[in-house]
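Down below is the structure, laid out as C-alpha cells.
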Amino acid sequence: MKEFNLKTPNLIEGQPENKRQEIRAYFLRTFNLDSKLYETLKDEKAFYRRADPLRHPLIFYFGHTMCFYVNKLVLAGLLPQHINREFESMFAIGVDEMSWDDLNEENYDWPEVEEVRAYRQKVKSKILELIDSLPLQLPIDWENKFWPIIMGIEHQNIHIETSSVLIRQLPVEMLDDGIFNNISEIPDDTIENELIAVKGKKIKLGKSEGHKFYGWDLEYGHFSEKVENFKASKFLVSNAEFLEFVKDAGYHTEKWWTEEGWSWRNYKKAKHPLFWRKDGNGFKLRLMTKEIPMPWSYPVEINYLEAKAFCNWKSAKIGKSLRLPTEAEWYSIVESCGIKDVDEWKKAPGNINLEHYTSPCPINAFAFGDFYDVIGNVWQWTETPITGYPGFKVHPLYDDFSTPTFDGKHNLIKGGSWISTGNEATLHARYAFRRHFYQHAGFRYVESEHEPKIRVDSYVTEEDVAISCEANYGEDHFGLKKLPLQIFELIKEKVENAYEKRFLDLNSDTGRLAFEASGVFKEVTAIDSSARFIQPAVELQKNGLLRYVIKDEGDLQIFKDILIEDLKLKTNIGNLEFMQDDALKLKKKFSNYDVVCIINLLEQLKDPSILLRSIHERLNRNGILIIGSTCQWNEKYTPKEHWLGGFKKDGEPVTGFDGIKDILNKKFQLKEKPLDLKYSIRKSSKSFEIQTCEVSIWQKR
C-alpha cells in the first residue's frame, strides 16, 4: 500500500519549501487513508451503530479528526474563526472512558453522513490553504506555526487505528473489505515459544526537546532505569499458545486473575478473547472486515487483564516467574536487536505502517535478531502504567492529551501494530489504554525474579493545576477567604429555594464551588474546558481523596492530601456531575438552569461576547446569572478587538463591567451594584498574589 506509506516527517532537516511539500503530501495521504477506512462501511446505518458501549458510534470519529484540526488551529490563532461551531462542539469530546465524557446517545442528534463528509472536505481545503501559505522555517518545534498542523495529522493517524478497532467490532454484514484485504498466508506448522536471555543494563528513556520527529508531550523528558537480567519470549504469544489457557478453564479460575481482572471477566462474562468467534467445536478469528478460519500462528489479541491472567497461569504451569515486560525492558529488547527508527527504514522491518499486510500475520514472519515482532504485528502490553518522565511539560494546544491517563489505570502498549502509522510507528511512541480496553494488542512475556518498579503519579504535579487545587482546597491567607467560598456565600444569600433549582458552574476549575453548591441545589453541573482541571475534582468525588504538590522554596515541595470529610461539605455528591466542554460551543443539553455562575472565565475566552450574547438560552425564566471577572484582558487569550473593556472609546474609558452591562442589558436586569471580592493565589510558600474579582448578579427578563 505504497500510497499510504505514512512515515512521520523529519522536522529539523531539509529545505523549507521541500518540507512544505512533504507535509502537504503527508496530510493528503493521511486524509485519504482515513477516508478509505470509512469506505468499509456498507451503508449509513453502520455509521450510527455503536460497536462498543464505551465508545461513540463511528459518525462521531468521522467528524472528530477534522473538528480537532479546526479547534486546535483556532486556538493557535491560525484560523480566525470556526468553520461549523455546532460540529466543533458535538465532535470535540468523548473518545475515552472518562466520567466527564458524554456517551449518552439521548444527548446527540447526529448529522447525516453527507453533511459530515462535506464538512471534512471544507476542513481539508482550509488546511491545504494554510500549508501552502503559512511561512515555514526549520526546525518545526512547539512554537512553530506548522506544529499544530502536524499535531492534527498525527492525531488523525491515531484515530485511523482506534477506529479500525471499532470497525472490527461491527457485524461483518455491515462491512466491505475496501483496501483492507491483504491478508498473509497462514502456515500449518506449530510455532513453539521459548525464552531468550537479555542482559540487564541502564536504559535511558525519553527524548529531548528539538527531536527530529513530532512527539506528544509525554514522550519528552529524561528518565534512567537499571534493568536487571531477564529472559523474554522469542515470539509474541500466539492464538495456539493462548488456547492452552482457555482449554485449562483459565477464564473460569479466579486465582489466575487480579481483582480488577476478575471483576472485568465477570462483568463481560468472557470465555475467550474478544476477536475469537466460536465455530462449532472450534474457533474462527474476526479480522477488521471478515471472519477467517482460526490462524493459530497469529498473535493473540487481548487486553492487559487477560494477558496478566495468562502469565500467572503459565508461571504456575512451568514453575517460573513470568509477567509482562516493563517499558524499560521492552527498550532493552529493542536495543539488543539493534532496531532502527523509521527514517532509517527502506521498507518496514516488521508488519507495521501498512507496508506489508492489513491484518496480523504469523508470529514467525518478521525476525529482529533472536526475537520476532519486536515492533509491528500487534501492540504489546506492558506492566508500566503511563506517567510523564521527569521534565514532562504539557503542550498548551493540547493540555489534556496525556495527564488524564496519569491515574494508574492506563498501561503502556509498545511496538505498534500492522496499522500503526506516523508517530505511532516511531520508537519513542508512548500510548496507553485502560487495562480492560481492546486494541490491536497482544503481548510477550518475560521471566524475571525482580518485581518491576511501578511509578504512579497519584499526586497532581502540574504547576497550574496544583495552584488551582490550593486556591480551592488549601488554607486561607491574609484573612481572605478562598474565592469559591466567597462566591458560595453570595449564592446562598441571593438565591431563594435553591434546593428546588438547577445550578451550572461554567468554569468549574478544580471543583470547590461545585461541591459546595451540590449541598444546597437540586442538581449541579460543573463544566470546564480542560480535563486536567476536572480530573482532581473527579478523584475527590469518587475516592474522597485529592493529592497535589505545591512549591515550597527552590526545589523543595509540599505534598498536600485533601480528604473530602475534612472539608465539612454539606454535599450530595450524587447530584453533582463534572463535564468537559467549551463555553463558546456548549452542547444544547446544557440548558434549563435556574442559576448559572461564570467566574474568571470571560478573560480566558477568545471572544467573550459570544458567551454573553447567548447565555440567556441556558437559563429558565427569571433565572439568575452570576458573573465574576478580574478584567485582566490579555491578547494572549483574547484579541484586543474582542476585549470587553480596558480601553478608551470616543475618548472615554470603557471598563470590563461596562462591556458586560452593554451586552447583558438586552436580556437581563442588573440586581444590584457589582461587588469586589478579594482573594489570594498561593504560587509557593513565599509567593502570593492578591487579586480582585468583580462580581455582578443578573436576572433574566
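Using each residue's phi in region 643-652, evaluate 6.51 cos²θ - 1.76 cosθ + 1.60 at θ = phi - 60° and report the 3J(HN,Hα) Karplus result to the nearest Hz, with x for Gly and Pro.
4, 7, x, x, 8, 9, 10, 6, x, 10
Given H placed on each backbone N at 1.01 Å, which residues far from Leu619 in sequence or on other chains put an amide H within less than 5 Å of it?
The list, which skips near neighbours in sequence, is Asn592, Tyr593.
What ratio of Cα Rg to 2.2 N^0.38 Å holds for region 364-459?
1.17
Cβ neighbours within 10 Å, averaged per peptide: list 61-72, 590-601 in order, most packed at the top.
Order by mean packing, descending: 61-72, 590-601.
Select from Gly178, Ile150, Met579 the residue farthest towards the positive end of the dipole of the chain; place +1 on Cβ of Lys and Arg, -1 on Cβ of Asp and Glu, and compute about the Cα centre.
So the residue furthest toward the plus end is Met579.
Apply the a/c threshold of 1.5 to the C-alpha gyration tensor of region 504-602 and tell me whether it is rounded, prolate or oblate.
Oblate.
Please report, in debye to the nearest 20, how large the charge dipole of region 314-444 is about its Cα centre when each Lys and Arg carries +1 at its beta carbon and each Asp and Glu carries -1 there. If you can, show how the numbers build up before the last one.
Details: 14 positive and 14 negative charges, 113 e Å.
Charge dipole, region 314-444, about its Cα centre: 540 debye, nearest 20.
Taking 8 Å as the Cα distance limit and 6 or more residues as the minimum spacing, I'd like the relative contact order of the chain as a percentage.
Reported as a whole number, the value is 12 percent.
State to the nearest 20 debye the size of the charge dipole of the chain about its Cα centre, where the only charges are +1 on K and R beta carbons and -1 on D and E beta carbons.
Approximately 620 debye in magnitude.
Shape call for region 613-700 from the C-alpha gyration tensor, a ≥ b ≥ c root eigenvalues: rounded (a/c under 1.5), prolate (a/b greater than b/c) or oblate?
Oblate shape, in that a/c is at least 1.5 and b/c is the bigger or equal ratio.
Restricting things to Cα coordinates, could you compute the convex hull volume per residue of region 2-174 in Å³?
122
So what's the gap between the Cα centers of region 645-695 and region 488-551, to the nearest angstrom?
With region 645-695 and region 488-551 each reduced to a Cα centre, they are spaced 22 Å.
Quickly rank 419-426, 445-452, 273-280 as a protection proxy: mean count of other C-beta atoms within 10 Å, highest first.
419-426, 445-452, 273-280
Based on the Cβ-Cβ distance from Leu563 to Leu397, what FRET efficiency comes out when R0 is 35 Å, to the nearest 0.05?
FRET efficiency, Leu563 to Leu397: 0.50.
With unit charges on the beta carbon (Lys/Arg positive, Asp/Glu negative), name the residue among Val460, Pro293, Ile615 whose Cα is farthest towards the positive pole of the charge dipole of the chain.
Ile615
If packing is taken as the average count of other Cβ atoms within 10 Å, what order do 470-478, 47-55 fall into, highest mean first? Display every interim value, and only then the final one.
Values: 470-478: 17.4, 47-55: 15.7.
Descending mean neighbour count gives 470-478, 47-55.
Once label points are set 7 Å from the Cα along Cα→Cβ at both Thr630 and Ser125, what is their separation, rounded to one decimal in nm?
Label at Thr630, label at Ser125, 4.2 nm between them.
Which three extents, in whole angstrom, do the alpha-carbon atoms of the chain cover along their principal axes, largest first?
Projected onto its principal axes, the Cα set of the chain covers 84, 54, 52 Å.
Over 22 Å apart: what share of the alpha carbon pairs of region 463-700 falls there, rounded to a whole percent?
Everything past 22 Å amounts to 53 percent.
Could you calculate the FRET efficiency of Ser321 with Ala367 from 1/(1 + (r/R0)^6), where r is the beta carbon distance between them and R0 is 35 Å, rounded to 0.05?
Result of the calculation: an efficiency of 0.85.
Once you have the Cα-Cα distance between Lys202 and Asn18, take 0.36 nm times their residue separation minus that, and quote the gain in nm to one decimal.
62.3 nm
Roughly what would the spin-label model give for Asn32 and Lys673, points 7 Å off Cα along C-beta, in nm?
Using points 7 Å along Cα→Cβ, the separation is 6.9 nm.
Rounded to whole Hz and in sequence order, give me ³J(HN,Hα) for region 233-247 from the Karplus expression 6.51 cos²θ - 1.76 cosθ + 1.60, θ = phi - 60°, writing x for Gly and Pro.
With the stated coefficients, region 233-247 comes to 5, 4, 10, 4, 5, 8, 4, 5, 5, 6, 4, 4, 5, 5, 4 Hz.
Using a 7 Å offset from the Cα along the Cα-to-Cβ direction at both Glu500 and Asn622, what is the distance between the two label points in nm, to one decimal?
Result for the modelled spin labels: 0.8 nm.
So what's the gap between the Cα centers of region 244-269 and region 31-94, to the nearest angstrom?
Taking the Cα centre of each part, region 244-269 and region 31-94 sit 36 Å apart.
Between the helical axis of 463-473 and the dominant principal axis of the chain, each derived from Cα atoms, what acute angle in degrees is found, rounded to the nearest 10?
Between helix and principal axis, roughly 50 degrees.
Nearest 0.05, what FRET efficiency do Asp662 and Phe478 give at R0 = 30 Å with Cβ-Cβ as r? All intermediate terms of the calculation are to be shown ahead of the outcome.
Values: r = 34 Å, r/R0 = 1.14.
After rounding, the FRET efficiency stands at 0.30.
Hey, what number do you get for the chain at 222 nm if only DSSP H runs of n ≥ 4 count, each worth -39500 (n - 2.57), divided across all residues, to the nearest 500? Don't skip to the end; give the middle numbers.
Working: 15 runs with 190 residues, N = 701.
The helix contribution divided over the chain gives -8500 deg cm²/dmol.
Check Glu383: other-chain or 5+ apart residues with amide H under 5 Å from its amide H, H built from backbone geometry?
Long-range HN contacts for Glu383: Thr326, Glu327.
Which entries in Lys42/Lys247; Lys494/Lys606; Lys522/Lys551; Lys72/Lys671; Lys409/Lys640 show an alpha-carbon gap greater than 32 Å?
Values: Lys42/Lys247 37 Å; Lys494/Lys606 30 Å; Lys522/Lys551 38 Å; Lys72/Lys671 38 Å; Lys409/Lys640 43 Å.
Over 32 Å Cα-Cα: Lys42/Lys247; Lys522/Lys551; Lys72/Lys671; Lys409/Lys640.
Once the Cα atoms of helix 304-318 and of the chain are each reduced to a long axis, what angle between those two axes, in degrees from 0 to 90 to the nearest 10, is obtained?
40
What list of ³J(HN,Hα) values in whole Hz, one per residue of region 22-33 in order, does the Karplus curve 6.51 cos²θ - 1.76 cosθ + 1.60 (θ = phi - 60°) give from phi, with Gly and Pro shown as x?
Coupling constants for region 22-33: 5, 5, 4, 5, 5, 4, 5, 5, 5, 4, 5, 5 Hz.
If we restrict to alpha carbons, what Rg and Dmax does region 219-356 come to, in Å?
Rg, Dmax (Cα atoms, Å): 17.6, 52.
Looking at the chain, send over the antiparallel percent of its DSSP beta bridges, to the nearest 5. Please list the in-between numbers first.
Numbers: 60 of 83 bridges.
Within the chain, antiparallel bridges account for around 70 percent of the total.
Just so you know, all these numbers are worked out from the coordinates, no wet-lab data involved. Values in this document were obtained by computation on a predicted structure and should not be read as measured data. Every residue, glycine among them, receives a Cβ derived from its backbone with ideal geometry; neighbour counts consider all protein chains shown.
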